[in-house]
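S.K.: Got a structure for you, questions after.
The values are calculated or read from the model by the stated rules, or taken from the named source; none is laboratory data. Here the structure is a predicted model, which means the values were calculated and not measured. Cβ sites come from the backbone with ideal geometry, for glycine too, and all protein chains shown count toward neighbours. Heads up: the accessible areas ignore ligands, DNA and RNA and are worked out on the full protein's heavy atoms, side chains in. Shrake-Rupley method; radii C 1.70, N 1.55, O 1.52, S 1.80 Å.
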Amino acid sequence: MQADDLLVETVLAEARRFMVPLYQRKYQWGDARLLPFWEDVEAKAAEVLEGNNKFQHYMGALILAPLTEGTQIAVTPRVQVVDGQQRLTTFQLFLAALREVARVHSVDYLIEQVEGYLFNQPKAKDTDPLTRFKLTPTPSDRDIFVQLMEDEYPEVRRSLGRYYWGSGVPKNTSYPALRAYDLFYKWITEFVANGPSDWEPETEDEPDADDASEEAILGLAEQRLEALLRAILEQMKLVVITLGEGDDAQVIFETLNSQGEPLLAMDLVRNNIFQRAEKQSLETEALYEKLWGPFDAPWWKENAPFARPKRPRIDHFLAHVLAAETGESIAMRELYAEYRAFAVPKGKTRFPNVEDELNLLQLHAPTYRTLEAKANDNPTMAWFGRKLAAWQVTTIYPIAFQIAASGLPQEEQDRVANLLYSYLVRRAVSGLTGKNLNKLFNAIAQHFHEQGASYDNLVAFFRTRSGESSRFPSNKEFRRAVILKPTYHLAPGERTKDILWELELASRSKFSEDTQRPNRLWTEHVLPQSWNEAWPFPNGPYADRHSGDPRVEQRNTLLHALGNLTLMTDALNISSGNASFADKREKYDEHTTLFMNKWFSKREKWDEAEIVERGEHLSRLALKRWEGLPGDEVDLPPFSDEHTLVSAPTPQEDSPA
């Protein structure tokens, strides 16, 4: 047999037919396989857009057995797909969906280019009408596959509409190929409209959908479509094994599909490290027991919570170490290649010996365990880890590694971590995008790698960021957001609870008990989301919450602002429900001991004016808790000078007949 690693473009560009044998199962990839496939393609497309594609990504193996036509003239050669037909079919479905999105945007040259990887040009002696298709699937998949390859998307929806439910193909469909095609079409459409899911351009000149010219929007769509095509053709490889006449295809198939445990990236790293240790004549067993053995604990092999892509902790840990030590962006999907390039850059070893290499991993391991609440080696990192868990942010871990390893006094480590936490909270509450955080944190890691981790260096970094996707919100902007913006939606779930708990702590005096946050706290809307006649407006008659009254729109935004939110036990939250303010106040007085809830006991009513007043009070606490950059204006004028409540609409008199 012959084994080659080939680009997907090389595999699909050749004029030949990939024949799936009758005994092979029909196409079966569901969402659990399709989503990681898409995430791999999307990540590579983002790298193409950024011009940062360092490594190509292996997508698995393809085993082919040539048939007899290879030596015949004027006949398209056929190869039997012994293994890898699910993967090969997925490539074809993706390309067909990409072609259709390109058609929507009138990118004609790209349509023509894609079809070169879907179709053959039949030769003079070809008689089978299916020769024109690169891939010939099993008969059970064939009819739908041919339609997906040949028809435009609207025709697919019309002719195969009986397999759709609502806007898509259900998960339990009998035709997974159709669901895969439809999902790819939707994901590609979203990518073309908004870019990668966790990415925004460094520059601020991307066309805005509201005021950009049609030409500019089409140009951006074309760039993104090209990036997707280049990602799948030029950035992805297959290990193609071509069998010889004496090779038993079935034995090879069964061997490759045995139920062995898949290797983790860290398994490959370990093997690489200890092979080099043996060449250095080191005591490998002693090294293993002392410096690697702890990584074999089951905890390290569990998937890291909140981290993307879904990988074991050990893999994410290694990626964070590489990012912290190099200041570079690390591709999780090419982690082994990244590590080899780090440990042996350009063929020269980075470390005097493997023991130093392993000691580096052990240097950062306690910080990772502390951030993940498995240890408590550093009080700053333990606190920081709890905050990052509440905010579900792990892309900041390399910076945490740099802070912990910096030798900074604990007080300065606290200041650096607190400023990073303030940045997260301020941007979320101010309604600024969080899509670009992974790139922003990578830039900070690079800055710390070059300049050293310190509070002053972090402040200096933030002063260089003025764009919407990365700037540090000012005190004035943050105060206004605390008072008016719907934090409940902008920082949902555990994030809102974290903000409210910090405000609870800030509400206490120096004489108050130092209590931990209780379990089972829920976010309570004082003025309920489903308000009714029990909640009158401060300016004018009552208006139904489904009416077009402008006061309704303002109320429905303000009720999600921090001034209307507090913390309650789950039971008290449910009990309070949509009751009137008088009834709620009575329950609060009787059942809650939180300091922030004492505010309500002195109020006779609760409406928009009260929400703004409490919001202004909380904003003063927030400005102290989530500090801004040094030198930012602190003594701000009263907010009431800048804000007025919407008035009731003036009744319109009937026009004379």
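S.K.: Specify the residue that is modelled with the highest pLDDT; the eligible residues are those in region 615-657 that are within 23 Å of GLU504 (Cβ to Cβ) and exposed (fewer than 13 other Cβ atoms within 10 Å of the Cβ).
M.R.: LYS624
S.K.: Could you tell me whether region 144-161 includes any residue that is over 18 Å from VAL101 (Cβ atoms), touching an Asp or Glu at 6+ places or on another chain (Cβ under 8 Å) and charged (D, E, K, R)?
M.R.: For region 144-161, residues over 18 Å from VAL101 (Cβ atoms), touching an Asp or Glu at 6+ places or on another chain (Cβ under 8 Å) and charged (D, E, K, R): absent.
S.K.: Here's another thing I want to ask about it. Give me the pairs, please: first residue somewhere in region 393-410 and closer than 13 Å to ALA319 by Cα and assigned to a helix (DSSP H, G or I), second residue anywhere and hydroxyl-bearing (Ser, Thr, Tyr) and at pLDDT 95 or above, beta-carbon distance under 6 Å, and either six or more positions apart or on two chains.
M.R.: Partner pairs satisfying both residue conditions: PHE401/THR367.
S.K.: Is region 156-164 home to any residue that is in a helix (DSSP H, G or I), surrounded by fewer than 19 Cβ atoms within 10 Å (Cβ to Cβ) and small (Gly, Ala, Ser)?
M.R.: yes
S.K.: Just checking, does region 581-591 include any residue being free of Cβ contacts under 8 Å to residues at least 24 places away in the same chain, under 27 Å from ALA390 (Cα atoms) and not in a loop (DSSP other than H, G, I, E, B)?
M.R.: yes
S.K.: Now a separate question. So the check is Cβ under 8 Å with 6+ separation or different chains; which pairs have a first residue in region 105-116 that's farther than 14 Å from LEU228 by Cα and a second one that's among the charged types (D, E, K, R) and surrounded by 11 or more Cβ atoms within 10 Å (Cβ to Cβ)?
M.R.: Every condition considered, the pairs that remain are HIS105/GLU222; GLU115/ARG99.
S.K.: Another question about this same structure. Has region 97-119 got any residue that is open to solvent by 10 Å² or more (accessible area, probe 1.4 Å) and either under 18 Å from PHE37 (Cα atoms) or under 25 Å from the mean Cα position of the chain (by Cα) (or both)?
M.R.: no
S.K.: Another one. I need the full set of residues from region 432-466 which are of a type outside the set (Val, Ile, Thr), outside any helix (DSSP H, G or I) and open to solvent by 40 Å² or more (accessible area, probe 1.4 Å), in order please.
M.R.: GLY434, LYS435, ARG465, SER466, listed by residue number.
S.K.: Of these, LEU268, LEU291, which one is touching a Phe, Trp or Tyr at 6+ places or on another chain (Cβ under 6 Å), surrounded by 13 or more Cβ atoms within 10 Å (Cβ to Cβ) and under 30 Å from VAL393 (Cα atoms)?
M.R.: LEU268
S.K.: Please give the number of the condition THR136 fails out of (1) surrounded by fewer than 16 Cβ atoms within 10 Å (Cβ to Cβ); (2) of a type in the set (S, T, N, Q); (3) touching a residue at least 60 places away in the same chain (Cβ under 8 Å).
M.R.: With (1) surrounded by fewer than 16 Cβ atoms within 10 Å (Cβ to Cβ); (2) of a type in the set (S, T, N, Q); (3) touching a residue at least 60 places away in the same chain (Cβ under 8 Å) applied to THR136, the lone miss is (1).
S.K.: Another question, then. Restricting to region 112-146, and then to whatever is under 20 Å from SER174 (Cβ atoms) and part of a loop (DSSP other than H, G, I, E, B), can you tell me which residue is modelled with the highest pLDDT?
M.R.: The extreme case among them is PRO137.
S.K.: Something else about it: Condition test on TYR181, is it surrounded by fewer than 19 Cβ atoms within 10 Å (Cβ to Cβ) and part of a helix (DSSP H, G or I)?
M.R.: no
S.K.: Let me ask something else. Within region 361-387, can you find the residues that are free of Cβ contacts under 8 Å to residues at least 60 places away in the same chain and buried (at least 19 other Cβ atoms within 10 Å of the Cβ)?
M.R.: Those that are free of Cβ contacts under 8 Å to residues at least 60 places away in the same chain and buried (at least 19 other Cβ atoms within 10 Å of the Cβ): HIS364, THR367, TYR368, ARG369, THR370, LEU371, ASN378, THR380, MET381, PHE384, GLY385.
S.K.: Determine whether region 29-50 contains at least one residue that is part of a helix (DSSP H, G or I) and in contact with a His (Cβ under 7 Å, 6 or more places away or on another chain).
M.R.: yes
S.K.: Right, next: Taking PRO66, is it modelled with pLDDT under 90 and open to solvent by less than 30 Å² (accessible area, probe 1.4 Å)?
M.R.: no
S.K.: If you don't mind, there's one more thing I want to ask. Could you check region 294-318 and list, in sequence order, the residues that are part of a helix (DSSP H, G or I) and either surrounded by fewer than 18 Cβ atoms within 10 Å (Cβ to Cβ) or acidic (Asp, Glu) (or both)?
M.R.: PRO294, ASP296, PRO298, TRP299, LYS301, ASP315
S.K.: Continuing with the same structure: Tell me the residue from ALA3, ALA43, ALA32 that is under 26 Å from the mean Cα position of the chain (by Cα) and surrounded by fewer than 13 Cβ atoms within 10 Å (Cβ to Cβ), please.
M.R.: ALA32
S.K.: Another question, then. Based on this model, can you work out whether LEU572 counts as of a type outside the set (D, E, K, R) and in contact (Cβ under 8 Å) with a residue 60 or more places away in the chain?
M.R.: no
S.K.: OK, next. Restricting to region 119-144, count the residues that are touching a helix residue (DSSP H, G or I) at 6+ places or on another chain (Cβ under 7 Å) and within 17 Å of ARG78 (Cβ to Cβ).
M.R.: The number of residues fulfilling the criteria is 8.
S.K.: Oh, and also: Taking region 6-28 only, how many residues are open to solvent by less than 10 Å² (accessible area, probe 1.4 Å) and either part of a helix (DSSP H, G or I) or among the polar types (S, T, N, Q) (or both)?
M.R.: The total comes to 3.
S.K.: Can you tell which of ALA319, ALA331, ALA341 is among the small types (Gly, Ala, Ser) and more than 17 Å from the chain's Cα centre (by Cα)?
M.R.: The conditions single out ALA341.
Let's see how each residue does on (1) more than 23 Å from the chain's Cα centre (by Cα); (2) at pLDDT 95 or above:
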position: ARG463; (1), (2): yes, yes
position: GLY467; (1), (2): no, no
position: VAL482; (1), (2): yes, yes
position: THR487; (1), (2): no, yes
position: ARG495; (1), (2): no, yes
position: SER507; (1), (2): yes, no
position: THR515; (1), (2): yes, no
position: TRP522; (1), (2): yes, no
position: TRP531; (1), (2): yes, no
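S.K.: Under 8 Å between Cβ atoms, at least 6 apart or on separate chains: pull out the pairs that start in region 514-540 with a residue that is under 18 Å from LYS598 (Cβ atoms) and end on any residue that is surrounded by fewer than 14 Cβ atoms within 10 Å (Cβ to Cβ).
M.R.: LEU521/ASP570
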